[in-house]
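Participant: Sharing a structure below in structure tokens format, with a few things to ask.
Nothing in this text is a laboratory measurement; each read-out follows from the coordinates by a stated rule. These numbers come from a predicted model, not from an experiment. Cβ sites come from the backbone with ideal geometry, for glycine too, and all protein chains shown count toward neighbours.
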Amino acid sequence: AQSVTQLDSQVPVFEEAPVELRCNYSSSVSVYLFWYVQYPNQGLQLLLKYLSGSTLVKGINGFEAEFNKSQTSFHLRKPSVHISDTAEYFCAVLGGGTGFQKLVFGTGTRLLVSP
Amino acid sequence: DAGITQSPRHKVTETGTPVTLRCHQTENHRYMYWYRQDPGHGLRLIHYSYGVKDTDKGEVSDGYSVSRSKTEDFLLTLESATSSQTSVYFCATHREAGELFFGEGSRLTVL
């Protein structure tokens with residue numbers, strides 16, 4: 001079964017600084033990986049996804065993530081954050097097997113951007 | 001957006017009362033899901049549906065039931081609400097590999 005570990009529950013950062021949100025997964029089969037963002041009092045929306053191909057994935061709002069199979073990681077990065085990036089970020093994994101596959105979420109990382 | 005509407009958005013109820021949350025989608029997506037979100041737990045799957053009248057349990061299904069009588073509606077019922085079911089509930093639909101579209105959530109408080 002798949003599982004996801006988000007190593008930081010909260011990451012404080014100053015505006016215009018770079019940020020990395022860490023995500024590690026475990027799975028015995030090939031996987032698809034995702035990052036979702038949740039702004040206050042809203043649902044989740046997809047930031048980016050890795051299905052196959054290039055290990056560097058670019059998403060919306062200037063975010064990118066790199067799939068590292070040997071380290072079973074899928075860390076999210078942004079070179080310069082804005083106040084508006086303050087939100088909760090969820091890493092998720094979907095098994096690559098046949099039939100219905102459940103999307104498993106990490107516990108989330110709250111990004112706090114201050115001026 | 002996938003046109004997902006959840007109702008009610010906020011509800012306060014008392015222990016032991018039945019509660020039904022409704023999810024309505026306009027995209028004709030086959031798969032629909034109910035998650036609950038709690039601090040420190042992320043999102044946990046309660047039930048899911050892979051077609052009309054086809055549903056199955058997720059990881060935290062105890063105390064919940066679901067029904068899907070038509071493609072666009074997926075109902076989540078708490079037969080007898082308990083305080084441990086105080087949470088934010090999200091409905092989601094599925095279009096392609098892993099890309100879930102979420103509603104805006106229903107905040108339930110059980111006193």
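Participant: Residue under question is A:SER26, and the condition is that it be within 14 Å of chain B (Cβ to nearest Cβ) and small (Gly, Ala, Ser); does it hold?
Facilitator: no
Participant: Can you spot a residue in the range A:36-51 that is away from chain B (no Cβ under 14 Å), surrounded by fewer than 20 Cβ atoms within 10 Å (Cβ to Cβ) and free of Cβ contacts under 8 Å to residues at least 24 places away in the same chain?
Facilitator: For the range A:36-51, residues away from chain B (no Cβ under 14 Å), surrounded by fewer than 20 Cβ atoms within 10 Å (Cβ to Cβ) and free of Cβ contacts under 8 Å to residues at least 24 places away in the same chain: absent.
Participant: Now a separate question. Within the range A:2-23, how many residues turn out to be more than 10 Å from the chain's Cα centre (by Cα) and more than 10 Å from chain B (Cβ to nearest Cβ)?
Facilitator: Result for the range A:2-23: 15.
Participant: Just for the range B:85-111: of the residues that are more than 12 Å from the chain's Cα centre (by Cα), in contact (Cβ under 8 Å) with a residue 12 or more places away in the chain and facing another protein chain (nearest Cβ under 10 Å), which one is nearest to B:ARG9 (Cα to Cα)?
Facilitator: Filtering first and then ranking leaves B:PHE101.
Participant: Look at B:TYR35 and say whether it is crowded, with 21+ Cβ neighbours inside 10 Å and in contact with a Leu (Cβ under 7 Å, 6 or more places away or on another chain).
Facilitator: So B:TYR35 fits the description; yes.
Participant: Can I ask one more? If only one of A:VAL104, A:VAL57 is hydrophobic (A, V, I, L, M, F, W, C) and free of Cβ contacts under 8 Å to residues at least 12 places away in the same chain, which one is it?
Facilitator: A:VAL57
Participant: Additional query: Within the range A:62-83, count every residue that is touching a Lys or Arg at 6+ places or on another chain (Cβ under 8 Å) and surrounded by fewer than 20 Cβ atoms within 10 Å (Cβ to Cβ).
Facilitator: Of the residues in the range A:62-83, 5 are touching a Lys or Arg at 6+ places or on another chain (Cβ under 8 Å) and surrounded by fewer than 20 Cβ atoms within 10 Å (Cβ to Cβ).
Participant: Any idea which residue in the range B:37-56 is nearest to A:ASP8 (Cα to Cα), counting only those that are hydroxyl-bearing (Ser, Thr, Tyr) and more than 8 Å from chain A (Cβ to nearest Cβ)?
Facilitator: The extreme case among them is B:SER49.
Participant: Of the residues that sit in the range B:57-84 and are touching a residue at least 60 places away in the same chain (Cβ under 8 Å) and under 17 Å from B:ARG22 (Cα atoms), which one is nearest to the other protein chains (Cβ to nearest Cβ)?
Facilitator: Residue satisfying both the conditions and the ranking: B:LEU78.
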